[in-house]
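The values are calculated or read from the model by the stated rules, or taken from the named source; none is laboratory data. As the structure is a prediction and not an experimental result, all values here were calculated from the model. Every residue, glycine as well, gets a Cβ built from its backbone with ideal geometry; the counts of neighbours run over all protein chains shown. These area figures cover heavy atoms from the full protein model, side chains too; ligands, DNA and RNA do not enter into them. Shrake-Rupley method; radii C 1.70, N 1.55, O 1.52, S 1.80 Å.
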Amino acid sequence: MSALAGGQAVEVVALSRTFDLCRIFESNADVALRVVRPDEVVDPARVEIALAWMPEERAFDAYPNLKMVSSIAAGVDSILACPSLPKDVVVTRVRDHAQADLMAGFAAWQVVWHHRRMGDYITNQARRSWDRSFRPQAPGSVTVGVLGYGLMGRRCAMAIAAMGFRVLVARSSVPTTPEAPLDGIEIIAGPGAILSVAAEADILVNVLPLTDTTRDLLDGNFFAQMKPGAALVQMGRGEHMVEADLIEALDGGQLAGASVDVFRQEPPAEDHPFWSHPRIMVTPHKASDTTPAEILRQVTENFSALREGRLPPGLVNREAGY
Ligand code: GLV
């Protein structure tokens, strides 16, 4: 059954303080990996793989022979930030094209939402008001900025460009070999790229990974450099944004609206101001999802590669943070 252990399922320890990972993965018990809770591990010294999401601070201490820590998602910020993560362990993340397509659909939907002022129609419907006065600009004269150019950013940019918008992407790394241009997408690369794109965007989509450089990026100073009347689609990580500064930017008229899918604390408290703000659309960290079966398939693939001395396809650059 298992390509990993010559017929015996490999034990994978589940380390999360927010999710019961064993429950999430229990219906996939027929695959080569057996996901177990720390208290079910027979011999911690034999555990080579951990599946993690928001691990406890000392979560990794008990496993002296860990080889690979796999995120259950595309993001790895909570794993890399964990103080007990061993220095030499390989970290992998999910790279799922279907998830990237979901992300792209969400981004495209929110871009259209702001472009066509859907919030106004909802208000008008509640008042039974047949108001046809709003005339949207042609998509070609609307600039949509996308922050991030990994698997997710690329798919978002392509989906938005396919609707005719002008798409401007910020990527932090300058490609070392020339890349074929993508139709309708302009790329700005390098350290100043994020602010240059933000300054030109009518609608700005954030899909950056959370790193020391991007934490608290979306603050009052950043919003002040955006185009007056622009909209923000925040689908990166909650810690990218100083939440009080978004309220100020909206209430002060600098920004016209925002869609927020990720929060500093999830779920946000019942009295969090975003819930009731008339210019914010709140969604519960659902811009995209992958499946337990796909996660385990990728863990198997990554670990097989590691054992055979190949680069795991989901390998994370620990220094870069993604
Ligand atoms: C979701 O937040 C992910 O990191 O995939």
With +1 on the Cβ of every Lys and Arg and -1 on the Cβ of every Asp and Glu, the dipole magnitude of the stretch 97-282 about its Cα centre, in debye rounded to the nearest 20, is 720
Most fluctuating of S133, S259, S27 in the GNM of the chain (C-alpha, under 10 Å) is S133
Checked the chain against the a/c 1.5 cut and the a/b vs b/c comparison, axes a ≥ b ≥ c from its Cα gyration tensor; verdict prolate
Note, the stretch 248-262: 3J(HN,Hα) by Karplus (6.51, -1.76, 1.60, θ = phi - 60°), whole Hz, Gly/Pro = x, goes 4, 5, 6, 5, x, x, 5, 10, 8, x, 8, 10, 10, 10, 10
In the chain the DSSP beta bridges are antiparallel at a rate, in percent to nearest 5, of 0
Once the in-chain neighbours fewer than 8 apart are removed, the lysines whose Cα is under 26 Å from K67 read K87
Dipole check, the stretch 97-282, charges on Cβ (K,R +1; D,E -1), about Cα centroid: among G192, N206, H114 the Cα furthest to the positive pole belongs to H114
For the stretch 97-282, the accessible surface attributable to carbon and sulfur atoms (probe 1.4 angstrom, ligands and nucleic acids excluded) amounts in percent to 54
Heavy-atom accessible area with a 1.4 angstrom probe orders W113, W275, most exposed first, as W275, W113
With all protein chains in place and a 1.4 Å probe, E26 shows an accessible area in Å² (nearest 10) of 120
A189 and D289 label points (each 7 Å along its Cα→Cβ direction) are spaced in nm at 3.6
Within the under-11-Å Cβ sphere about A50, not counting A50, Lys/Arg +1 and Asp/Glu -1 give a net charge of -1
In deg cm²/dmol, rounded to the nearest 500, the helical mean residue ellipticity at 222 nm of the chain, built from -39500 (n - 2.57) for every DSSP H run of length 4 or more, is -8000 deg cm²/dmol
For the stretch 83-178, the charge dipole (Cβ of Lys, Arg +1; Cβ of Asp, Glu -1; about the Cα centre) points to a positive end, and the Cα of G140, L102, P83 closest to that extreme belongs to G140
Treating only Lys and Arg (+1) and Asp and Glu (-1) as charged, each at its beta carbon, one finds that the chain has a dipole about its Cα centre, in Debye to the nearest 20, of 840
Magnitude of the Cβ-charge dipole (Lys and Arg +1, Asp and Glu -1) of the stretch 186-260 about the Cα centre, nearest 20 debye, reported as 160
For the chain, the longest principal axis of the Cα atoms and the Cα long axis of helix 151-162 enclose an angle in degrees, to the nearest 10, of 30
Expressed in nanometres to one decimal, the distance between label points 7 Å along Cα→Cβ at V174 and D251 is 4.3
GNM of the chain, Cα pairs under 10 angstrom: of Y121, Y63, Y149, the biggest fluctuation goes to Y121
